[in-house]
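Visitor: Handing you a structure now.
The values are calculated or read from the model by the stated rules, or taken from the named source; none is laboratory data. As the structure is a computational prediction, the values presented were derived from the model and not from experiment. Neighbour counts run over all protein chains shown; Cβ positions are idealised from the backbone, glycine included.
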Amino acid sequence: DIEEIRGEVIYHGAQSRSAQIGDRLNQIGQGITTLDRSSAVLEVDSTIGRIRVAANTALEVDQLTVLQDGAKVTVLKITQGQVRIQARRFTNPNTRLEVHSPSGIAAVRGTDFGVSVTPDGNMAIATETGLVEVSAQSQSVQVAPGQVSTIQRGEAPTSSRLMDRQLGMDIQRQELVGGRAVMKIKVDPANRIVCNGEMWVPDRDGILTARIPSHQSYLRMTVHNPLGETREHVVWVDND
């Protein structure tokens, strides 16, 4: 069920419409899309857990199965955006919750973790508590508390490492090109930057290049990690 809505959230059922508190996602293909500066909170069955859906996220139910022993298998598909999942400890050993993206799978059994998916399908998974198994290309990695793993589409998961919670950002170069400021920015490769409602995604080394509109003297850039933690940076633009 949808428990909370902030801003504009679209519910996808038999038809697409504005989401409402109490809307249920209990059939394959149902889902929600959050728009810019919008979010939602979902309760996934009384035995599974809670999902916080960040802005600009597309989430869909991919599988809902009850096994003969009463175990529940829930598979959610995230095509882009960020979710924070607080899953309860499952009493049935066969109960399973998975998050699928175009690049990989995160499987949990009672944990607090976050997933972010870029528009081109790359995935980052960070764990707060518990353990997450991340799989892609027939290879798996365990992501323990305080760790993160990333998956480039078509590749295996990276080894788990410490998650960045400082959410820093380094402007490595700024220059004028064709009358517009161009910035080379470095962040943690698992993080992303949101500026003026647009998501900027770094490469596998954490580097991205941004072209800045000439009329802006400064920018507010927000660094996000896969858990949904954020930090805002004010960056002055050199237009001379």
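Visitor: What is the number of the single condition among (1) under 22 Å from Ala71 (Cβ atoms); (2) touching a Ser or Thr at 6+ places or on another chain (Cβ under 8 Å) that Ala144 does not meet?
Guide: It fails just one condition, (1).
Visitor: Next question. Going through the stretch 122-139 one residue at a time, which ones are at pLDDT 95 or above, surrounded by 15 or more Cβ atoms within 10 Å (Cβ to Cβ) and farther than 18 Å from Arg50 by Cβ?
Guide: Asn122, Met123, Ala124, Glu133, Val134, Ser135, Ala136
Residue-wise test of (1) in a loop (DSSP other than H, G, I, E, B); (2) at pLDDT below 95; (3) surrounded by fewer than 18 Cβ atoms within 10 Å (Cβ to Cβ).
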| site | (1), (2), (3) |
| --- | --- |
| Ile21 | yes, no, yes |
| Asn26 | yes, yes, yes |
| Thr33 | no, no, no |
| Thr47 | no, yes, yes |
| Lys77 | no, no, no |
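Visitor: Given the condition farther than 23 Å from His224 by Cα, outside the structural domain of Met199 (by TED's automatic domain parsing) and acidic (Asp, Glu), answer yes or no: does some residue in the stretch 40-55 qualify?
Guide: Scanning the stretch 40-55 turns up at least one residue that is farther than 23 Å from His224 by Cα, outside the structural domain of Met199 (by TED's automatic domain parsing) and acidic (Asp, Glu).
Visitor: Taking the residues in the stretch 64-94 that are among the basic types (Lys, Arg) and more than 26 Å from Gly121 (Cα to Cα) as candidates, determine which candidate is farthest from the chain's Cα centre (by Cα).
Guide: Lys72
Visitor: Would you mind finding the one in Arg173, Arg211, Arg204 that is free of Cβ contacts under 8 Å to residues at least 12 places away in the same chain, surrounded by fewer than 15 Cβ atoms within 10 Å (Cβ to Cβ) and farther than 15 Å from Ala54 by Cβ?
Guide: Arg173 is the lone residue from the list that is free of Cβ contacts under 8 Å to residues at least 12 places away in the same chain, surrounded by fewer than 15 Cβ atoms within 10 Å (Cβ to Cβ) and farther than 15 Å from Ala54 by Cβ.
Visitor: Could you identify the single residue in Val194, Val148 that is modelled with pLDDT of 95 or more and closer than 21 Å to Phe113 by Cβ?
Guide: Matching residue, one of Val194, Val148: Val148.
Visitor: Still on this structure, I have one more. Only one of (1) part of a loop (DSSP other than H, G, I, E, B); (2) modelled with pLDDT of 95 or more fails for Ala40. Which number is that?
Guide: Result: Ala40 passes all but (1).
Visitor: Right, next: Within the stretch 147-167, is there a residue that is in a strand (DSSP E or B), in contact (Cβ under 8 Å) with a residue 24 or more places away in the chain, in the same structural domain as Ile85 (by TED's automatic domain parsing) and among the hydrophobic types (A, V, I, L, M, F, W, C)?
Guide: Yes, because at least one residue in the stretch 147-167 is in a strand (DSSP E or B), in contact (Cβ under 8 Å) with a residue 24 or more places away in the chain, in the same structural domain as Ile85 (by TED's automatic domain parsing) and among the hydrophobic types (A, V, I, L, M, F, W, C).
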